[in-house]
Amino acid sequence: MKIITAKDYAQLSKAACDIVSDKLKKISQPVLGLATGSTPEGLYECLIERCNMGEISFRNATTFNLDEYVGLDETHPGSYQYYMKEKLFNHIDLPIERANVPSGTDADLEAHCKAYEEKIREIGKIDIQVLGIGVNGHIGFNEPGTSFDSRTHVVELDPSTIEVNSRFFDSIDEVPGKAVTMGIQTIMDADEVVLIISGENKADTVAAFMESDVTEDFPASILKKHPNFTLIVDEAAYSKVQTKA
Ligand code: PGA
């Protein structure tokens, strides 16, 4: 595990942006695994800026998002399809047909999960997977207790996740109880994984991550076993780690 400690959120976003930009420059047909939530917003702003400046291009890229709420379609502002268009896809030169986000509204979600997994397999592999972490240690929507062998599947969201994510909705009652998520094994199959964690509200989570054994009770702990894993963390999020790297 490589750890990059950034001074603040802006520096963290730039560090992540540098790593993703490097992939876009070096790989002829890069495959990016993307995340939603508050944490990657700065990364996406940076990627948009560099794309507009002509420093990087997504023309030959393919993207796969981690997850989507069950029941929300792309027109719902709380959906991750909507988020990705707003925060990234509408502002870069990525051919939209190569932007993959799981569907939360497919009539046969089980079949959709299999097809999503198959699509990743067909393309070969995800070159770099960007991740955030939930306060409970989830990655994607793989909540504590999820099997490390899991592939793309439908999940029941933790009450804690519903509560934390209610800030993106008008009321907590509107947050869907289920989601589709890439599995933990799907994430671990990526060539490289970058986990970005920012802010004081994640300080306990980062401390727990650093101290945790590799256990399904804390899904992100498996990343310690990934051969090409980078944790990018800002000082506020790193503040409760006892033994600093
Ligand atoms: P956040 O979400 O970036 O909005 O904190 C991270 C996550 O829940 O995976």
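Suppose we filter 237, 207 for residues that are within 13 Å of the ligand (Cβ to nearest atom), on the phi < 0 side of the Ramachandran plot and modelled with pLDDT of 95 or more; which single one remains? The conditions single out 237.
Of all residues in region 62-73, at least one satisfies being part of a loop (DSSP other than H, G, I, E, B), within 19 Å of residue 128 (Cα to Cα) and either of a type in the set (A, V, I, L, M, F, W, C) or within 14 Å of the ligand (Cβ to nearest atom) (or both).
Does region 44-55 include one or more residues that are open to solvent by less than 10 Å² (accessible area, probe 1.4 Å), over 25 Å from residue 225 (Cβ atoms) and of a type outside the set (Lys, Arg)? So far as region 44-55 goes, yes, one or more of its residues are open to solvent by less than 10 Å² (accessible area, probe 1.4 Å), over 25 Å from residue 225 (Cβ atoms) and of a type outside the set (Lys, Arg).
Candidates 43, 24, 32: the one that is outside any helix (DSSP H, G or I) and within 18 Å of the chain's Cα centre (by Cα) is 32. Look at residue 78 and say whether it is out of contact with any strand residue (DSSP E or B) (no Cβ under 9 Å at 6 or more places or on another chain) and within 15 Å of the ligand (Cβ to nearest atom). Criteria not met by residue 78.
The test for being under 18 Å from residue 14 (Cβ atoms) and among the basic types (Lys, Arg) holds for residue 50.
Within region 55-73, identify whether any single residue is modelled with pLDDT of 95 or more, aromatic (Phe, Trp, Tyr) and closer than 18 Å to residue 139 by Cα, and answer yes or no. There is at least one residue in region 55-73 that is modelled with pLDDT of 95 or more, aromatic (Phe, Trp, Tyr) and closer than 18 Å to residue 139 by Cα. When residue 212 is tested against (1) of a type in the set (S, T, N, Q); (2) away from the ligand (no atom under 13 Å from the Cβ); (3) under 15 Å from the mean Cα position of the chain (by Cα), exactly one condition is not met: (3).
Which residues, taken from region 185-204, are among the small types (Gly, Ala, Ser), more than 9 Å from the ligand (Cβ to nearest atom) and not in a helix (DSSP H, G or I)? Explain how you work it out, then say what you get.
Of the residues in region 185-204, the ones among the small types (Gly, Ala, Ser) are 190, 198-199, 203.
Going one step further and asking which of them are more than 9 Å from the ligand (Cβ to nearest atom), we end up with 190, 203.
Within region 185-204, 190 is the sole residue that qualifies.
Filtering region 74-85 down to residues that are outside any loop (DSSP other than H, G, I, E, B) and closer than 15 Å to residue 169 by Cβ, which residue is most open to solvent (accessible area, probe 1.4 Å)?
Here is the first cut: in region 74-85, the residues outside any loop (DSSP other than H, G, I, E, B) are 80-85.
Subsequent filtering for residues that are closer than 15 Å to residue 169 by Cβ retains 80, 82-83.
Working: 80: 18, 82: 77, 83: 21 Å².
Filtering first and then ranking leaves 82.
State which residue is nearest to residue 118 (Cα to Cα) when the search covers only region 152-181 and only residues that are outside any helix (DSSP H, G or I), away from the ligand (no atom under 12 Å from the Cβ) and open to solvent by 30 Å² or more (accessible area, probe 1.4 Å).
Our first condition is that a residue be outside any helix (DSSP H, G or I); within region 152-181, this holds for 152-158, 169-171, 175-181.
Next, from what is left, pick out any that are away from the ligand (no atom under 12 Å from the Cβ): 152-156, 169-171, 175-178, 180.
Remaining after also requiring open to solvent by 30 Å² or more (accessible area, probe 1.4 Å): 153-154, 156, 170-171, 177-178.
Working: 153: 13, 154: 16, 156: 23, 170: 35, 171: 36, 177: 26, 178: 22 Å.
Looking at the filtered set, the residue picked out is 153.
Would you confirm whether any residue within region 111-128 is within 13 Å of the ligand (Cβ to nearest atom), within 19 Å of residue 70 (Cβ to Cβ) and touching a residue at least 12 places away in the same chain (Cβ under 8 Å)? So that I can check it myself, show each step before the final result.
At the first step, the residues of region 111-128 found to be within 13 Å of the ligand (Cβ to nearest atom) are none.
For region 111-128, residues within 13 Å of the ligand (Cβ to nearest atom), within 19 Å of residue 70 (Cβ to Cβ) and touching a residue at least 12 places away in the same chain (Cβ under 8 Å): absent.
Of all the residues in region 88-144, those that are open to solvent by less than 20 Å² (accessible area, probe 1.4 Å), part of a loop (DSSP other than H, G, I, E, B) and hydroxyl-bearing (Ser, Thr, Tyr) number 0. What number of residues in region 191-245 are open to solvent by 50 Å² or more (accessible area, probe 1.4 Å) and β-branched (Val, Ile, Thr)? Of the residues in region 191-245, 2 are open to solvent by 50 Å² or more (accessible area, probe 1.4 Å) and β-branched (Val, Ile, Thr). Checked against (1) of a type in the set (Gly, Ala, Ser); (2) touching a Pro at 6+ places or on another chain (Cβ under 9 Å); (3) within 24 Å of residue 16 (Cα to Cα), residue 124 passes all but condition (2). Every test in (1) touching a strand residue (DSSP E or B) at 6+ places or on another chain (Cβ under 6 Å); (2) under 18 Å from residue 39 (Cα atoms); (3) charged (D, E, K, R) is passed by residue 202 save one, and that test is (1). Only one entry of 190, 179, 220 meets the criterion of being at pLDDT 95 or above and out of contact with any Leu (no Cβ under 9 Å at 6 or more places or on another chain), and that entry is 190.
The values are calculated or read from the model by the stated rules, or taken from the named source; none is laboratory data. Everything numeric in this text was worked out from a predicted model, so none of it was measured. Reconstructed Cβ throughout: ideal geometry from the backbone, glycine too, with neighbour counts over all protein chains shown. Ligands, DNA and RNA are stripped out before the accessible areas are found, and what is left, the full protein with its side chains, is counted by its heavy atoms. Shrake-Rupley method; radii C 1.70, N 1.55, O 1.52, S 1.80 Å.
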